[in-house]
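In what follows, a single structure is set out as structure tokens and then discussed.
Readers should treat all values here as calculations from the given coordinates under stated rules, not as data from a laboratory. Being a predicted model, the structure only gives us computed values, none of them experimental. Don't worry about glycine lacking a Cβ; one is built from the backbone with ideal geometry, like all the others, and counts go over all protein chains shown.
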Amino acid sequence: MNILVTGGAGYIGSHTVLALMERGHHVVVLDNFSNSSPKVMPRLEALAGNPIPLCQVDLRDGDTVFDVLVSHKIDAVIHFAALKAVGESCEQPLQYFDNNVSGTISLLLAMQKANVLRFVFSSSAMVYGDTEHETLSENTPRSANNPYGRTKLMIEEIIQDHCAADTNFKAAILRYFNPVGAHPSGMIGEDPRGTPNNLMPYLCQVASGKREKLSVFGNDYPTPDGTGLRDYLHVMDLARAHADALDYLQSQSKNLTVNLGTGSASSVLDMIHAFEQANKLKIPHEIIGRRPGDVTRLCADPGLAKELLSWESRHDLLQMCADAWRWQSKNPEGYNS
Ligand SMILES: NC(=O)c1ccc[n+]([C@@H]2O[C@H](COP(=O)([O-])OP(=O)(O)OC[C@H]3O[C@@H](n4cnc5c(N)ncnc54)[C@H](O)[C@@H]3O)[C@@H](O)[C@H]2O)c1
């Protein structure tokens with residue numbers, strides 16, 4: 001298939017581009033580089049052994065998106081492009097609704113006009129909000145507790161309404177838990193701008209000496225060690241799930257909503273210890289207050305993804321930490337190294 005990957009220069013998108021090309025698909029990357037670097041592209045081409053067409057376009061420019069869909073004869077879109085920082089979304093909600101929600105509507109309208117009928121969307125465990133449930137199935141009630149999560153919730157509903165109205169249009173909504181790690185080559189990985197918002201890139205920057213110590217946001221959560229619990233998932237496993245979801249849309253011609261996680265929750269302290277063990281390093285850290293928008297526990301029930309896609313995570317925490325550190329230590333300044 002000819003597949004357009006929006007946000008394909010970003011962290012998860014770049015890994016997915018390779019997973020799709022490994023399955024024999026032709027991939028076109030669309031990105032405005034608001035949170036990524038064009039320098040990822042030659043590395044992707046080297047890993048894939050093939051050129052990858054790149055369109056530097058903002059999603060909200062619907063006419064240009066339409067031209068890209070038509071000129072590259074696109075059959076399916078995998079839609080990663082979004083802003084994703086919870087804290088920033090609390091400070092700039094309008095920018096988040098504009099970029100994420102308006103951007104997606106613009107993309108869907110362009111797809112409708114170009115008659116592109118297959119769509120895979122990056123949703124998030126954030127759509128479950130702050131929940132009491134131990135593990136989250138796809139039927140767990142949804143309620144976001146920050147503007148970023150609300151953009152995902154709104155987009156899910158827009159997609160569902162569109163699928164109901166046009167039964168030829170088939171969509172997969174993938175709710176990611178906490179993607180970490182990097183390609184085993186160490187050539188591509190997560191390259192956050194400024195101060196990282198997520199634990200793993202922060203850990204990596206402390207390990208490399210770029211930051212003095214790791215701040216742990218709160219140790220008074222109702223969890224065994226008091227720190228927040230998350231379901232960390234290797235980005236290579238996550239990337240593979242997109243190719244599986246696309247196969248499902250093609251073979252079953254049904255819509256799909258699945259969680260993508262490992263089904264096991266690790267605390268912040270567990271993660272620090274795993275990183276130290278995997279990489280034989282010490283991570284200085286201190287406990288500070290809770291961070292707004294954070295929830296106590298997010299852990300997937302990944303059973304439906306196994307049942308429908310035959311998808312399961314294959315990497316453990318130590319592999320996630322080793323791969324993340326390989327990327328960081330080979331590229332201390334990310335793509336500017
Ligand atoms: N990383 C996570 O922890 C996580 C967890 C759950 C869901 N997600 C979702 O997965 C997707 C990918 O996340 P990521 O971690 O790879 O983020 P990322 O920031 O690395 O990648 C997103 C890419 O989209 C591009 N982009 C943003 N707005 C755009 C626009 N209007 N037009 C064109 N390009 C645009 C950015 O430049 C970037 O390259 C996002 O939708 C995110 O919300 C991420």
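What the table below lists for this structure:
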| read-out | value |
| --- | --- |
| Two-site label geometry, residue 26 and residue 133: point separation in nm, points 7 Å out along Cα→Cβ | 4.1 nm |
| In the chain, lysine pairs with alpha-carbon atoms under 20 angstrom apart (chain gap of 8 or more, or interchain) | 16 |
| Normalised alpha carbon radius of gyration of region 20-129 [divisor 2.2 N^0.38 Å] | 1.13 |
| The chain: most fluctuating residue of 71, 123, 102 per GNM, C-alpha cutoff 10 Å | 71 |
| Mean-position separation - Cα centroids, region 209-284 and region 178-198, in angstrom | 12 Å |
| Projected-area average for region 138-244 over all orientations - Cα convex hull basis, square nanometres | 10.0 nm² |
| Estimated dipole of the chain in Debye, rounded to 20 [Cβ of Lys and Arg +1, of Asp and Glu -1, Cα centre] | 560 debye |
| Two-site FRET efficiency, residue 2 against residue 112, from Cβ-Cβ distance with R₀ of 22 Å, rounded to 0.05 | 0.80 |
| Taking N as its residue count, the alpha carbon Rg of region 67-173 over 2.2 N^0.38 Å | 1.14 |
| The chain - mean residue ellipticity at 222 nm from DSSP helices (-39,500 (n - 2.57) per run, n ≥ 4, rounded to 500) | -12000 deg cm²/dmol |
| Stretch gain in nm, segment residue 60-residue 160, where the contour uses 0.36 nm per residue and the Cα spacing is subtracted | 34.0 nm |
| 0 to 90° range, to nearest 10: angle between helix 103-114 axis and the chain longest Cα axis | 30 degrees |
| Spacing of the two label points (7 Å from each Cα toward its C-beta) at residue 252 and residue 37, in nm | 3.9 nm |
| Compactness relative to 2.2 N^0.38 Å, alpha carbon Rg of the chain | 0.94 |
| Average Cα contact separation per residue, the chain, under 8 Å, 6 or more apart, as relative contact order % | 20 percent |
| FRET efficiency estimate (nearest 0.05) - Cβ-Cβ, residue 285 to residue 102, R0 41 angstrom | 0.60 |
| Percentage relative contact order, region 2-87, counting C-alpha pairs under 8 Å, at least six apart | 41 percent |
| Set of region 13-45 residues, backbone N closer than 18 Å to the point 7 Å along the Cα-Cβ line of residue 88 | 13-14, 31-40 |
| Interatomic Cα distance distribution for region 192-312, bins of 5 angstrom, percent | 2, 10, 17, 18, 16, 14, 10, 7, 4, 1, 0 |
| Kirkwood Rh in Å, taken over region 93-149 so that all alpha-carbon pairs contribute | 13.4 Å |
| Principal-axis tilt of helix 11-22 within the chain, Cα atoms, nearest 10 degrees | 60 degrees |
| Helix 235-252 vs. the chain, principal-axis angle (Cα, 0 to 90°, nearest 10) | 30 degrees |
| Tail fraction, Cα-Cα pairs, region 116-160, threshold 18 Å, whole percent | 29 percent |
| Distance in nm between pseudo-label sites at residue 50 and residue 193 (7 Å out along the Cβ direction from Cα) | 3.1 nm |
